[in-house]
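Colleague: Following this message is one structure expressed as C-alpha cells.
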Amino acid sequence: MPLTPKGPGGRTGVRVRSQAGYAERLFAALLSAAVGLTLAGVVFNAGIRPMPEAAVVGRQPEFNGRAALLRTTEFVKTFPTRSAGEPEKTRAAQWIVDQLVVLGYDPQVQTFSAWIGGVRYSDLANVWVVRRGMSTETIAVYGHYDLPPFVEEGAADAGSSVGALLELAGCFSDEVPERSVLFLFLDASEYGKAGARAFLAGQPYADPIVAGVGLDFLNVGRMAGLSVEFTGTQKGYTPPWLRSLSVAAGAAADPQGEVFAVDAASEWAERSVAVSPTDTGIFLRSGIPAVNLAGVPVDTALERSVYHSEADVAANLDATAMQAWGRAAELVVRSVSALPSVPGGAEGSMVHLGLAGNRYVAPWAVRLAQLLIFSPLLGVCALGWVRRRRASRSALRILLGEARRILAVAAVPAAAFVVLKLAPAVGLLARYHLYPATEKDPALYQPQFIPLALATAAAFGAAYLLRRYTRWLEPPMAADWSERYHALTTLLALLVLATWVEGAGYAAVTFLALPAALWLFLAEPPVRRGWLERGVGGALVLSGTAMFVAFLVLFNRFYLSGPAWWFSVLASVHGLFSLKSVLVFLGAAALHWESFALATGLGAGTMLPSDLPYEPGRPWGRPVPPRVPY
C-alpha cells in the first residue's frame, strides 16, 4: 500500500514534504533569531553602566623601588633553590620572618601540606603579618616566595614579590590605616596555588578579608606598562569598583606608563575557560574581591625565554619598573582602605562584563543576553514540540531513547576518565592539588603513555560490555530522520539551559552557540545516492567544533604548558576542571557524535525515510504515528 502520494515522474512525495519541513524550520529559526537577538541587544544596552568612579587617594606613595629591588636581590641570591623539600626554602621562610621582625611586626607562620609531583610535603609554610587598622575589615596583599625545582633565583617570579611585600610592609609599619592590612607571603603557589588555598581554607586569620591585591610578578627588563588582571579560578571576576580603582591607581603611580587591561572580547574568552595563573584566582574563587598586578615587559620574547628558567636572575630586574609596580599596589591598598564602605550590588558583582570606555554590563543583562543568543535553537525546539503535541508520548519515548544512547556513548570516554582519575592514587601519574604542574615543567610536555594506554583499554572495555550485555549502543532504528533530529535538538537545548543555569553562560556562548546555529541549517539527505548532501551535513556539524579547536591552538600559543590536550587531561584529573564540567563535556561530545551520525548516516542505524510510519518491534517499543513535518 503506498504510504505517500506519487510526485512528478512517479517519485514519492517524501522529498517534497521534507523540503517543506526544512523551510518551516528555517523560517522559525530566522524569526526566533530576529526577535531573540534584537532583545539580546536591547537587554545588553540597557544593562550598560559606567564604571564606579575611582577614588584614588591623593597621598604621595612612599614605596621605594630601589630599596625593594635590593631586598629582592638579597633574597634570591641567598636562597636560589627554594623549591618544596629543599632546606633553603625553610631558611627562606625564616629570613622573611626575621625581616618582618626588624620592621616591627609580629610574624605568624601557618604550616600545611600539599601534593607536588607525587610527593606529599608537610613542611610548607605561609608567613603573614597584619598592620591593625581602625576597622577589623582587612585588605590582603599577597605574593609567593617559592619556585619550581628547575629554576634558580626566580627573581621576576617571584622573588620580586618578596621584595615588594617587605617594602610595602615598611610603608605601613608606623601608621594606623582605616582598615587593617594583611601582608601574606605564600608558599607552594607554583604548584596548585596550595598556599592561598590553605590560608583561605584554614582561616588562621579570623577577621574578614574584604579585598585582595596580588603581586605576581614583576616583568623582566624595562617595563612597557602595568597589567591589571581580573580572572578567577573557575568562578569569580574582579568586581567593577576594584578593577576601576586598580586601573586608576596604576595610572597615578606611573603617569608616563600605560595600564593594560583586557578588552571585552578577551574578557569573554577568559571567563569562558576561567583558569587563572595567579593566587588572585583562588581569592576570587573564594568570593573575595581581588586583583592581580603584574609588569608588562618591553621585550616579551625575552621574558618568555627567561620565565621559569635558570636565566630568571636579579640582574634582569629594573628599579624603575619595581617602583611603578609597588606604588600602584600601595595606592590600591590605601584607596580601598579609605573607602567609606566596600561596594555591593552590581558594583560588587563578579558576573559583570567590562567594556571599553570605562563601562560595564550589569550581571542581570549579561545573563539574560547569553540566554537570548540561543533563541533560534530554543525557537526551533519549541516549534518541534508544538507540531508533536498530539504525539507527545511517542516523541518523548524517542527523546529518552536518544538520551539513553548518548549517555551510553559518553560512558565510553567516562571509563577512560575514571582510570586516569585513579592513576595518581596508584602512582601511575604524579599527584598534584587542583592545578597540574606549573608552566615549563617537563611533566606538562611528556604525556604518560602507560596511564593513557590503560585509559584507552578501559574505554574499549566499556564499549565491549555495553555492546555485549546491553542494547544501549545499538543505532536507533525506530525513528525517521526528522524525529531523531527533533530529539537531538531538544537534548542540545537542554544542555545549553543546564550550562546557563549553572552560571557558565560565557562558556555556553563560546563553545555551544556556533554548533547550535549550524545545527539549524542541517537538511535531511536523500535516502539513496545522497553522499554529497551527507558530506555537506557532516562538514556542517564538524564546523561546530571550530571554537574548541581555536581554544586548543590559542592555548598552545599563549601558555607555556605543553600540549593543550595533555594539560586539559591533567587539569581534569587533578580537579582544576570540576567533575561536573568534565561530565558536561563528555555529554556534549557524545551529543556531537550523534549529530554527526545523523548528518552522515555513519553509525546512525537504518533510518526510515520521512513520512513512513514506524514499524513494530523496533528497540524503542510500540508503533507510533507517522512522522510529523518539522
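The values are calculated or read from the model by the stated rules, or taken from the named source; none is laboratory data. Keep in mind the model is a prediction, meaning the values are calculated, not measured. Don't worry about glycine lacking a Cβ; one is built from the backbone with ideal geometry, like all the others, and counts go over all protein chains shown. Just so you know, the surface numbers come from the protein's heavy atoms only, side chains and all, with ligands and any DNA or RNA stripped out. Shrake-Rupley method; radii C 1.70, N 1.55, O 1.52, S 1.80 Å.
Colleague: Looking at the structure I just gave you, is residue 439 acidic (Asp, Glu) and within 30 Å of residue 22 (Cα to Cα)?
Modeller: Considered against the rule, which asks whether it is acidic (Asp, Glu) and within 30 Å of residue 22 (Cα to Cα), residue 439 comes out as no.
Colleague: Would you say residue 567 is closer than 26 Å to residue 418 by Cα and in a helix (DSSP H, G or I)?
Modeller: For residue 567, the condition - closer than 26 Å to residue 418 by Cα and in a helix (DSSP H, G or I) - is met.
Colleague: For residue 122, which of the numbered conditions (1) open to solvent by less than 30 Å² (accessible area, probe 1.4 Å); (2) hydroxyl-bearing (Ser, Thr, Tyr); (3) closer than 30 Å to residue 287 by Cα fails to hold?
Modeller: So residue 122 meets the others, but not (1).
Colleague: Select from the stretch 259-277 the residues that are closer than 22 Å to residue 343 by Cβ and open to solvent by 10 Å² or more (accessible area, probe 1.4 Å) and list them in ascending order.
Modeller: Within the stretch 259-277, 259, 261, 262, 264, 271 meet the criteria.
Colleague: Which one is least open to solvent (accessible area, probe 1.4 Å) among residues in the stretch 63-94 that are touching a Ser or Thr at 6+ places or on another chain (Cβ under 7 Å) and over 22 Å from residue 324 (Cα atoms)? Spell out the reasoning first.
Modeller: Residues of the stretch 63-94 that are touching a Ser or Thr at 6+ places or on another chain (Cβ under 7 Å), as a first pass: 65, 72, 88-89.
Then drop every residue that is not over 22 Å from residue 324 (Cα atoms), which leaves 88-89.
Details: 88: 38, 89: 4 Å².
So the residue we want is 89.
Colleague: In the stretch 33-62, what residues are open to solvent by less than 40 Å² (accessible area, probe 1.4 Å) and in a helix (DSSP H, G or I)?
Modeller: Within the stretch 33-62, 33, 36, 40, 41, 43 meet the criteria.
Colleague: Next question. Return yes when residue 526 is in contact with a strand residue (DSSP E or B) (Cβ under 9 Å, 6 or more places away or on another chain) and modelled with pLDDT under 95 and no when it is not.
Modeller: no
Colleague: When you scan the stretch 226-245, how many residues do you find that are of a type in the set (Gly, Ala, Ser) and on the phi > 0 side of the Ramachandran plot?
Modeller: Our first condition is that a residue be of a type in the set (Gly, Ala, Ser); within the stretch 226-245, this holds for 227, 232, 236, 244.
In the following step, the residues that additionally are on the phi > 0 side of the Ramachandran plot were identified as 236.
Within the stretch 226-245, residues that are of a type in the set (Gly, Ala, Ser) and on the phi > 0 side of the Ramachandran plot number 1.
Colleague: Is it the case that some residue within the stretch 597-605 is under 30 Å from residue 191 (Cα atoms), among the aliphatic types (A, V, I, L, M) and surrounded by fewer than 19 Cβ atoms within 10 Å (Cβ to Cβ)?
Modeller: Checked the stretch 597-605: no residue is under 30 Å from residue 191 (Cα atoms), among the aliphatic types (A, V, I, L, M) and surrounded by fewer than 19 Cβ atoms within 10 Å (Cβ to Cβ).
Colleague: Consider residue 192 carefully, then state whether it is at positive phi and either touching a helix residue (DSSP H, G or I) at 6+ places or on another chain (Cβ under 8 Å) or of a type outside the set (S, T, N, Q) (or both).
Modeller: Working: at positive phi: yes; either touching a helix residue (DSSP H, G or I) at 6+ places or on another chain (Cβ under 8 Å) or of a type outside the set (S, T, N, Q) (or both): yes.
So residue 192 fits the description; yes.
Colleague: Can you pull out the residues in the stretch 245-293 that are out of contact with any Phe, Trp or Tyr (no Cβ under 9 Å at 6 or more places or on another chain), assigned to a helix (DSSP H, G or I) and of a type in the set (Ser, Thr, Tyr)?
Modeller: Once the filter is applied, which keeps residues that are out of contact with any Phe, Trp or Tyr (no Cβ under 9 Å at 6 or more places or on another chain), assigned to a helix (DSSP H, G or I) and of a type in the set (Ser, Thr, Tyr), the stretch 245-293 yields only 266.
Colleague: So if I check each of 372, 399, 353, which one is of a type in the set (A, V, I, L, M) and touching a strand residue (DSSP E or B) at 6+ places or on another chain (Cβ under 6 Å)?
Modeller: Being of a type in the set (A, V, I, L, M) and touching a strand residue (DSSP E or B) at 6+ places or on another chain (Cβ under 6 Å) holds for just one of 372, 399, 353, which is 353.
Colleague: Ok, one more. Give the stretch 425-442 a look and list any residue that's touching a helix residue (DSSP H, G or I) at 6+ places or on another chain (Cβ under 9 Å) and either part of a loop (DSSP other than H, G, I, E, B) or open to solvent by 30 Å² or more (accessible area, probe 1.4 Å) (or both), or say none. Full working, then the answer.
Modeller: Filtering the stretch 425-442 for residues touching a helix residue (DSSP H, G or I) at 6+ places or on another chain (Cβ under 9 Å) gives 428-438.
Passing the criteria: 428, 429, 430, 431, 432, 433, 435, 436, 437, 438.
Colleague: Would you tally the residues in the stretch 571-602 being under 24 Å from residue 436 (Cα atoms) and in a loop (DSSP other than H, G, I, E, B)?
Modeller: 3
Colleague: Now for a different question. Within the stretch 1-57, how many residues turn out to be acidic (Asp, Glu) and at pLDDT below 85? Quick ask: steps written out before the conclusion?
Modeller: Start the filter on the stretch 1-57 by keeping residues that are acidic (Asp, Glu), which leaves 24, 53.
Among the residues that remain, those that are also at pLDDT below 85 are: none.
Summing the residues that are acidic (Asp, Glu) and at pLDDT below 85 in the stretch 1-57 gives 0.
Colleague: Shifting gears a bit: State which residue pairs qualify: first residue touching a residue at least 40 places away in the same chain (Cβ under 8 Å) and under 27 Å from residue 344 (Cβ atoms) and inside the stretch 208-226, second residue of a type in the set (S, T, N, Q) and open to solvent by 20 Å² or more (accessible area, probe 1.4 Å) in any location, beta carbons under 7 Å apart, and separation of 6 or more residues or different chains.
Modeller: Short answer, once both residue conditions are applied: 208/136.
Colleague: Search the stretch 448-462 for residues that are aromatic (Phe, Trp, Tyr) and pair each with any residue that is buried (at least 17 other Cβ atoms within 10 Å of the Cβ) when their beta-carbon atoms are under 7 Å apart and the residues are at least 6 apart or on different chains.
Modeller: That search, which allows pairs on different chains as well, returns nothing.
Colleague: Looking only at the stretch 183-242, filter to residues that are within 30 Å of residue 356 (Cβ to Cβ), charged (D, E, K, R) and under 22 Å from the mean Cα position of the chain (by Cα); which one of those is surrounded by the fewest Cβ atoms within 10 Å (Cβ to Cβ)?
Modeller: Within the stretch 183-242, the match that is surrounded by the fewest Cβ atoms within 10 Å (Cβ to Cβ) is 235.
Colleague: Filter the stretch 105-148 for residues that are farther than 19 Å from residue 213 by Cβ and charged (D, E, K, R); which is farthest from the chain's Cα centre (by Cα)?
Modeller: 106
Colleague: Please work out if residue 564 is surrounded by fewer than 20 Cβ atoms within 10 Å (Cβ to Cβ) and either within 15 Å of the chain's Cα centre (by Cα) or within 27 Å of residue 24 (Cα to Cα) (or both).
Modeller: In short, yes.
Colleague: Here's another thing I want to ask about it. Using beta carbons and a limit of 7 Å, which pairs, at least six apart or on different chains, have the first residue in the stretch 273-296 and charged (D, E, K, R) and the second one open to solvent by 10 Å² or more (accessible area, probe 1.4 Å) and not in a helix (DSSP H, G or I)?
Modeller: Pairs that qualify, where the first residue is charged (D, E, K, R) and the partner is open to solvent by 10 Å² or more (accessible area, probe 1.4 Å) and not in a helix (DSSP H, G or I), are 279/193; 279/216; 285/234; 285/235; 285/236.
Colleague: When you scan the stretch 297-304, do you find a residue that is open to solvent by less than 50 Å² (accessible area, probe 1.4 Å) and aliphatic (A, V, I, L, M), even just one? Quick ask: steps written out before the conclusion?
Modeller: Looking only at the stretch 297-304, we keep the residues that are open to solvent by less than 50 Å² (accessible area, probe 1.4 Å), and these are 297, 303.
In the following step, the residues that additionally are aliphatic (A, V, I, L, M) were identified as none.
No, the stretch 297-304 contains no residue that is open to solvent by less than 50 Å² (accessible area, probe 1.4 Å) and aliphatic (A, V, I, L, M).
Colleague: Would you please name the residue that is farthest from residue 352 (Cα to Cα), looking only at residues in the stretch 243-258 that are open to solvent by less than 40 Å² (accessible area, probe 1.4 Å) and modelled with pLDDT of 90 or more? Walk me through it before giving the result.
Modeller: Narrowing the stretch 243-258 to residues open to solvent by less than 40 Å² (accessible area, probe 1.4 Å): 243-246, 248-250, 253, 257.
Pick out the ones that are also modelled with pLDDT of 90 or more and you get 243-246, 248-250, 253.
Details: 243: 12, 244: 13, 245: 16, 246: 17, 248: 19, 249: 21, 250: 22, 253: 27 Å.
Among those residues, the one meeting the criterion is 253.
Colleague: Kindly list, by first and then second residue, each pair from a residue in the stretch 62-89 that is touching a residue at least 60 places away in the same chain (Cβ under 8 Å) and under 11 Å from residue 160 (Cα atoms) to a residue that is part of a loop (DSSP other than H, G, I, E, B) and small (Gly, Ala, Ser), limited to pairs with Cβ atoms under 9 Å and residues at least 6 apart or on different chains.
Modeller: 76/154
Colleague: Have a look at 226, 165, 182, 242 and point out the one that is in contact with a helix residue (DSSP H, G or I) (Cβ under 8 Å, 6 or more places away or on another chain) and either under 19 Å from residue 94 (Cα atoms) or not in a strand (DSSP E or B) (or both).
Modeller: Answer to the check: 242.
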